[in-house]
Structures are given as structure tokens and as C-alpha cells.
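Engineer: Before I ask anything, let me first share the structure, which is written out below as C-alpha cells.
The values are calculated or read from the model by the stated rules, or taken from the named source; none is laboratory data. Just so we're clear, the structure is a prediction, and the values are computed from it rather than from any experiment. Neighbour counts are summed over all protein chains in view; Cβ atoms, including those assigned to glycine, are modelled from backbone coordinates with ideal geometry.
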Amino acid sequence: MKASDLFVKALENEGVTRIFAVPGEENLDVVESLRGSSIQLVVTRHEQSAAFMAATHGRLTGTPGVCMATLGPGALNLVTGAAYAKLGAMPMVLITGQKAIMTSRQARFQIVDIVATMKPLTKASRQIVSGASIPTVVRDAFRLAAEERPGPVHLELPEDVAAVEVSDDVTIVPLHPVELPMAHDAAIERAAALLMQSERPLVMFGADSNRPRLAGQLTDFIRRTGIPFFNTQMGKGTVAAIGSNEATELWMGTAALSERDYLHEAIDQADLILAIGHDTIEKPPFIMGPKGPKVVHIGYTPASVEQVFFPHAEVVGDLGLSLSRLAGLVQGRLPNAAALAPLREGILKRTLDRADESRFPLTPQRIVHDVREVMPAEGIVALDNGMYKIWFARCYRTRNANTLLLDNALATMGAGLPSAMMAALLYPGRRVMAVCGDGGFMMNSQELETAVRLKLNLVVLIIQDDAYGMIRWKQAVDSFADWGLTFGNPDFVKYAEAYGAKGRRIESADGLAPALESAFEEGGVQLVIVPVDYSENGRVLVEELRNRVTEIAK
């Protein structure tokens, strides 16, 4: 058989069911081998989207997603997706082609050193130079991509290696379970002692606590300890509102900003913060200082010591097991567990202000409120990156894990639509919505064709302000002139129709929720365009919070 056949068999052995790709001539042997396999080839309209989809597969399932591109320009179009997965800890395998390495009939045409290019953006980058080595190289790539801390791995398969004949007796490497290391007893006991001495404890759930394997374990920890908790942006939804609301009633909010927000009232008063699964790749949820609370890092890997994050103790090992053991030591022995809980009502009330205001264009708070109204507990909202992301982080109440997909690590624009498409492919029975600004949407809007071709049921909410709104806001905050950040847009309704989707524009504040509901009921790919009033950015996130700090200083 050809080496490409062996390569595809190795992928099937890893459980791969889909590859997202823009193939080129250097991939044609692999494409032919895929034709006779059980793996679906999903052709996208840009390699970046293929990478975003593969990364989101890894994020939602815990198993590596796979994307493929050709050499040179195609491979270079994967680099943003590689960085997205690297910073976001999403397991993914990237496959690229290359010209023949045993001859050079085309000289240096299109050749870029992609292995070297990918090295700083991946956990490993490797060229396959022997057909017989394929099973071990593929097994090692998938193992490395999935182990903590997860991330992308790159494999380059040159066209002449893919075409070479290999023995039918080459053995596929079997998979075997790998258990996560356990934290040391002394570390668990040290954390328990600090917790029992605390007078005002607080729990923070970070990005690493959103691993699919942790479903239910974090909720159990909060129920057993009774400690109020908050989350980082990428830690939203870690404590599920399933059955008893005992745990979710201890939720204090989301750290959408690094400081000064209402949530920071609780952070500033805490004398101990359990930072569970915090990855400092995220924008800081709070700024540590010499007079701040003690911080205990509980994670799969040791803490990264930063200027703004330097924990006083660490528990390193299997996160779910560590929390279970810690809860067993402190349960019933924390008389001050809920000391900060009385702050909750005031924090949430002020955070969710103006959620039902009837102003048009709509306020960001009203948009978040109406999206929450139409999304069931298990519905998935995939955010692109823009000003609205801060509002969704602050105001959107998640009920299940991994139901608000946002990127607060690389924070790249253009990922929202492909991420939502991946979620819709994985969970066809759930409601899935992409929320994109007009700037981010247009960066990968060509994937509407892919979504229509795949017959996805997907609602795309486009928040329109005809500008790069977050940078424009920052421009105003920093007292620069309002210049250089506005643009024009197509008629999004006609744009949707040109792809075979349906579009509708919101004309009143009360029209959004019914339009979203109607779009979900009709099915297919639906664009809903809503204009936004971003004056709330200055009113709330600048003036209101600045006044709060002034009042505290008095």
C-alpha cells in the first residue's frame, strides 16, 4: 500500500472522523486515500477556518481535531489557527504537504520552511521522512496534542513520502489509557490548612477548569465546600446549573475586566483565593499585589509566575481528583465559607443593569439578555472577538460547561463563525449561535458557503457598528481623535441570500428575541443583523466604574 494509505489508517486508529482542509497538489495522495476511508473530508473556503474548526473540535471533545493544508501559502494560512490552539490549550493536529524531498524538480518554487515556522506556535513540529515511521509519528503527535497542557502538533508529509510504497505488515500503534499524575498529599494538606484558616475565602475557575473531562466535578466541589466563586472569561460555565441551584447561587460573576469592576469588590475583600485551573495566558482576572489575598494555585501543571500572579501555594495534578481530595479534608470545617456571599446580590444587580432597556439601536446588555432568552441551557454561543465579548463575559449567565465559547487567550477576530460551525457539526440537536461583530464576521464570512453546503442549523448574529468597535473605544478612552477605524458593510441580508442562507435585519429593540426564535425554528443557516449602541462602553466601563473607584477612595 502507499504511505498515504498507511497515514490515513493511522488517523482512523486515533478515532479521527473529520478533517477540515483546503487541499493542494502536494496533498493529493492523502486526498485519494481519504476517499476510500471512514474519514469525512470537510473542504473549507480558507485554511484559517479549517484550523479554527479543528481547534474547536479539540476544545469541545478533549480529543485532537485535524486540519490539513498544502505547502507554502496554504500552510502559512494555518498559523493563526495554530496560535489560537496553542494559547487556548486546544488539542489539534495540523497536517501540511510539501514538495518532494528526494528530488527537486521544481527547485524552490513555493517552498517555505513550515516545520521551523510552526515550532514556536505548536507543542511539536515534525517532517515525516519515512513511510514506515508513519504509525509511530502519528501516535506520538496525537498523544502529545492531548496531554496536559493540550495544544497543536504539526506534521509535514512531503508528496514523495506520501506516494512511496510501504509494506502491508507495518504495525499500527495501539492506543492505551494514560492517567493524569496525582497531586502530592502534602500539597493537598497545605491547601486545606490555608483554607480552614481563611476568614473570607473565594474560588476562581480559570480556562483549564473547562476541560470536558471535568463535567460535574467542579460543581460538586462548590456544593461540598459552600465557597462563593467567580470565573475568568474562559472559565465560564464550569459550575453547571443542573438539579439543585445550591452551587450556582454562589456564583459572584465573571472577571471580564482586570480590575475596578463590581466583582472586584469580592476579590478585594477576600483573604484567600483558590485559583482553580487558572492559565496566565488569559488576560489577568485580577492583579495580585503585596497587600492582596493569599492565592492557592490548583492545576494540571505548575503555575506560571507573573508580575500579576504569584501564588503562595500550589496543588499540581489531576484537577478533578485534587478538588475531590481537598473537599474531603475541609467539608464541614469551613465556618467562614460563605462570608463573601452577601456581596453577590449587589454585584450581579449592578452588572446586569439595563438588560431590558428598550432603546434602539440596542444596548449590549439588551442584546446579551435576548440571546440568553432564546438559548436553552445546553445551547452553544460561539463569540468572535470584539467589544461585545466583554458584555457577554460580564452579563451572560451560563448553565452548562462549554456553552459560551470565547477566546481570551489569542483573542483573534475571525474565529466565531468557524467555531460555531464546528459546534453545530458536533451537536446537531442543540441550538448553536455565532455572535460576531461586523468586522470579525467579514474576516471569514466566506464560510457561509461551507455552512450551507454542510446543511448546518446555525444562527449567526451580526452586531453592526460599522467600525472596529473595541479599538475605537480604546481610542476614545486614551483621548485620541476618533479616526481611522470605521468602514462600510455590504447589505448583510442580500449577502446571506447570495450564499443560500436567509438574512433578516432588526428594526426595533423588541424585535431581536422574536427574530432569533424564528430563525432557530426555521432551521438552516440564518443571519440576524442587529445595530448596537456602544455608548454604554463609556457610560459603564469607564465613567461608572471610575466613579465607583472614586467613592471607595473617599
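Each row is one residue, and each column tells you yes or no for (1) out of contact with any Leu (no Cβ under 6 Å at 6 or more places or on another chain); (2) acidic (Asp, Glu); (3) surrounded by fewer than 24 Cβ atoms within 10 Å (Cβ to Cβ); (4) closer than 21 Å to Ala337 by Cβ.
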residue: Val173; (1), (2), (3), (4): yes, no, yes, no
residue: Arg190; (1), (2), (3), (4): yes, no, yes, yes
residue: Gly206; (1), (2), (3), (4): yes, no, no, yes
residue: Leu214; (1), (2), (3), (4): yes, no, yes, no
residue: Thr238; (1), (2), (3), (4): no, no, no, yes
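Engineer: If a residue has to be aromatic (Phe, Trp, Tyr) and either in a strand (DSSP E or B) or modelled with pLDDT of 95 or more (or both) to count, how many in segment 501-554 make the cut?
Structural biologist: Within segment 501-554, the first condition is being aromatic (Phe, Trp, Tyr), and the residues that meet it are 520, 534.
Add one more test, that the residue is either in a strand (DSSP E or B) or modelled with pLDDT of 95 or more (or both), and what stays is 520.
Of the residues in segment 501-554, 1 are aromatic (Phe, Trp, Tyr) and either in a strand (DSSP E or B) or modelled with pLDDT of 95 or more (or both).
Engineer: Filter segment 478-496 for residues that are of a type in the set (A, V, I, L, M) and either surrounded by 12 or more Cβ atoms within 10 Å (Cβ to Cβ) or in contact with an Asp or Glu (Cβ under 8 Å, 6 or more places away or on another chain) (or both) and give the result. Full working, then the answer.
Structural biologist: Of the residues in segment 478-496, the ones of a type in the set (A, V, I, L, M) are 481, 485, 493, 496.
Correct list: Leu485, Val493, Ala496.
Engineer: When you go through Ala241, Ala191 one by one, which is the residue that is in contact with a Ser or Thr (Cβ under 9 Å, 6 or more places away or on another chain) and modelled with pLDDT under 95? Can you show your working first?
Structural biologist: Values: Ala191 fails: modelled with pLDDT under 95.
The unique qualifying residue is Ala241.
Engineer: I need the full set of residues from segment 431-465 which are touching a strand residue (DSSP E or B) at 6+ places or on another chain (Cβ under 6 Å) and of a type outside the set (A, V, I, L, M), in order please.
Structural biologist: Residues satisfying the conditions are Cys436, Gly437, Asp438, Phe441, Gln464, Asp465.
Engineer: Moving to a separate point now. Would it be correct to say that Glu314 is touching a strand residue (DSSP E or B) at 6+ places or on another chain (Cβ under 7 Å) and acidic (Asp, Glu)? Spell out the reasoning first.
Structural biologist: Values: touching a strand residue (DSSP E or B) at 6+ places or on another chain (Cβ under 7 Å): yes; acidic (Asp, Glu): yes.
Criteria met by Glu314.
Engineer: Give the residue that is surrounded by the most Cβ atoms within 10 Å (Cβ to Cβ), with candidates limited to residues of segment 1-20 that are of a type in the set (D, E, K, R) and farther than 15 Å from Ser167 by Cβ.
Structural biologist: Applying the filter and picking the extreme gives Glu14.
Engineer: Please verify whether segment 152-168 includes one or more residues that are surrounded by 20 or more Cβ atoms within 10 Å (Cβ to Cβ), of a type in the set (Asp, Glu), over 29 Å from the mean Cα position of the chain (by Cα) and assigned by TED's automatic domain parsing to the domain that holds Ala85.
Structural biologist: Yes, because at least one residue in segment 152-168 is surrounded by 20 or more Cβ atoms within 10 Å (Cβ to Cβ), of a type in the set (Asp, Glu), over 29 Å from the mean Cα position of the chain (by Cα) and assigned by TED's automatic domain parsing to the domain that holds Ala85.
Engineer: To continue, here is another question. Identify the residue in segment 175-209 that is free of Cβ contacts under 8 Å to residues at least 12 places away in the same chain and in a loop (DSSP other than H, G, I, E, B) and, among all such residues, is nearest to Thr219 (Cα to Cα).
Structural biologist: Pro177
Engineer: Among the strands (runs of 3 or more DSSP E) lying completely within segment 40-121, list those that include at least 2 residues that are small (Gly, Ala, Ser) and closer than 23 Å to Asp140 by Cβ.
Structural biologist: Numbers: elements: 40-43, 65-69, 92-98.
Fully inside segment 40-121 and qualifying: 65-69.
Engineer: Within segment 6-33, track down each residue that is among the aliphatic types (A, V, I, L, M) and in a helix (DSSP H, G or I). Walk me through how you get there before you give the answer.
Structural biologist: Initial filter on segment 6-33 (among the aliphatic types (A, V, I, L, M)): 6, 8, 10-11, 16, 19, 21-22, 28, 30-31.
Across segment 6-33, the qualifying residues are Leu6, Val8, Ala10, Leu11, Leu28, Val30, Val31.
Engineer: If you don't mind, there's one more thing I want to ask. Can you tell me how many residues in segment 90-123 are of a type in the set (A, V, I, L, M), under 30 Å from Gly206 (Cα atoms) and surrounded by fewer than 23 Cβ atoms within 10 Å (Cβ to Cβ)?
Structural biologist: Final tally of qualifying residues: 1.
Engineer: Which residues, counting only those in segment 289-307, are surrounded by fewer than 19 Cβ atoms within 10 Å (Cβ to Cβ) and either part of a helix (DSSP H, G or I) or hydrophobic (A, V, I, L, M, F, W, C) (or both)?
Structural biologist: Narrowing segment 289-307 to residues surrounded by fewer than 19 Cβ atoms within 10 Å (Cβ to Cβ): 289-292, 294, 301-302, 304-307.
If the condition is that a residue be surrounded by fewer than 19 Cβ atoms within 10 Å (Cβ to Cβ) and either part of a helix (DSSP H, G or I) or hydrophobic (A, V, I, L, M, F, W, C) (or both), then Val305 is the only one that fits.
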